[in-house]
Amino acid sequence: MRVFPRKTSMSSEPFTQLVDAHYAALYRFALSLARNAADAGDLVQQTFFIWATKGHGLRENAKAKAWLFTTLYREFLRGRRRDARSTSIEDLPPGENEVAAEDVDRVRRLDAVAVVDALQEVDEVFRAPLTLFYLEDLSYREIADMLEVPIGTVMSRLSRGKAQLRTALARAEAGASQKIVPFPKAAGGAST
Amino acid sequence: MNPEQAKFILSSGRRDERHAADPLFAEALRAAERDPALAAWFERSCAHDREIAAKLATIEPPAGLREAILAGGRASATRRKTRFLRATLAAAAALAVGISVSRWSATANAAEPTDLAKFALADSSRGWVHSHADSVQNQFERWLDEGGGRAGLPLPANLAQLQALEGCRVIDVAGRDVFEICFQHEGRWLHLYATRIEPGENLAPDARVATTMTGERCCATWVDTAHGYRVALVGSSDSPVFSRVL
């Protein structure tokens with residue numbers, strides 16, 4: 001369906017400006033959390049709905065942005081069913097910190113969808129700080145404020161999340177190469 | 001600080017002034033300056049981070065999400081249940097941007113139409129219209145010309161038929177389906193909203209028309225007794241149709 005503006009002056013409205021400024025970044029954050037586009041879209045819409053009802057008193061853009069990300073994360077946590085894995089973070093083994101040159105090259109070779117898929121394989125508790133780190137260029141202190149967790153927890157989750165992501169990316173590339181099925185050679189002769 | 005501790009801290013940041021200003025991160029950076037192996041590791045880690053960030057930044061939101069946020073409903077005619085009351089976003093957003101809904105002047109002669117009227121006024125005030133086929137335009141234009149909106153005259157289609165029309169929007173308002181169709185009449189855009197009156201709802205069917213005015217917009221609400229729907233028609237208050245249906 002085509003939807004088009006009837007009044008060009010709508011673009012100057014504060015709400016429209018806020019949506020234009022942040023909805024894409026919020027969607028990417030939501031996509032990493034929710035793992036599918038429909039739920040991610042719902043989360044973004046719900047976040048702006050809550051802003052419209054509660055958060056519109058925030059006049060500073062920086063505060064509005066932090067408020068939106070925090071609210072989206074809260075809504076995600078509220079909406080999803082907690083499972084055992086998400087509550088046993090302390091039992092997780094420490095992350096592997098080594099980064100090889102091959103890891104960097106691997107990301108260059110993969111397309112964006114494969115990278116998102118790999119990010120979505122990372123444990124839920126690591127995904128939120130990891131996505132904010134990559135997409136929003138936030139410091140660990142800012143991420144801690146947004147997610148309302150201690151700084152040390154954010155640092156731990158970033159370190160372990162990055163290790164998980166590297167593993168998932170390596171697995172993604174290996175999986176992609178296995179999908180290439182060689183053309184069978186004709187028995188006893190060269191293929192054309 | 002040993003190299004493993006430094007790696008742990010450096011994993012949480014980047015080589016830029018903002019991160020360097022953090023005392024803990026600055027200490028880890030100094031450790032990297034003294035340790036070539038650690039420095040090389042940090043360079044690779046930052047390069048890896050940059051590549052990941054660049055890939056993720058290319059992901060675009062789905063088409064229509066922005067419009068759905070602004071319009072308060074999905075930019076799709078396909079109904080899908082959702083736990084969110086997304087449609088009320090439009091109403092709330094309209095309030096947030098200062099659209100006054102305090103100047104109701106409803107004549108209050110229909111059975112509790114104000115909720116639908118409030119929603120219809122706020123939703124339509126976003127300024128979006130939804131395109132549709134010419135046949136739909138003609139159908140509703142003819143319906144108004146023949147007295148549509150007047151007491152007792154049913155909608156030209158039932159809700160199932162409305163939902164199937166190209167350009168009809170289905171909005172989940174507090175768990176209830178509200179259908180919207182936009183069409184032109186005598187050069188003015190009108191938005192027609194319809195929702196089913198639920199069984200047991202404490203509403204005496206009342207075919208009289210009530211009006212709600214806000215600013216330059218008018219909303220006429222009535223009950224379609226033939227179908228059992230509550231209907232709201234919104235448009236510019238100087239649209240000729242409003243003087244005719246009252």
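The values are calculated or read from the model by the stated rules, or taken from the named source; none is laboratory data. Just so you know, these numbers come straight off a predicted model, no measurement behind them. Quick reminder, even Gly has a Cβ in these numbers, built from the backbone with ideal geometry, and neighbours come from all protein chains shown.
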Problem - Where a residue in region B:27-49 is within 9 Å of chain A (Cβ to nearest Cβ) and its partner, wherever it lies, is among the acidic types (Asp, Glu), with Cβ under 6 Å and at least six apart - result: B:48/A:103
Exercise for the section: List the number of the failed condition for residue A:145; all other conditions in (1) surrounded by fewer than 17 Cβ atoms within 10 Å (Cβ to Cβ); (2) of a type outside the set (Ser, Thr, Tyr); (3) not in a helix (DSSP H, G or I) hold. Expected result: (3)
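Being of a type outside the set (A, V, I, L, M) and modelled with pLDDT of 85 or more is the filter here; which residues of region A:110-132 pass it? Reasoning before the result, please.
Of the residues in region A:110-132, the ones of a type outside the set (A, V, I, L, M) are A:111, A:117, A:120-121, A:123-124, A:126-127, A:129, A:131.
Those that are of a type outside the set (A, V, I, L, M) and modelled with pLDDT of 85 or more: A:117, A:120, A:121, A:123, A:126, A:127, A:129, A:131.
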Handout entry: Members of region A:32-41 that are buried (at least 22 other Cβ atoms within 10 Å of the Cβ) and within 7 Å of another protein chain (Cβ to nearest Cβ)
Key = A:41
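Consider residue A:113 carefully, then state whether it is surrounded by fewer than 21 Cβ atoms within 10 Å (Cβ to Cβ) and within 28 Å of residue A:21 (Cα to Cα). Walk me through it before giving the result.
Details: surrounded by fewer than 21 Cβ atoms within 10 Å (Cβ to Cβ): yes; within 28 Å of residue A:21 (Cα to Cα): yes.
The answer is yes for residue A:113.
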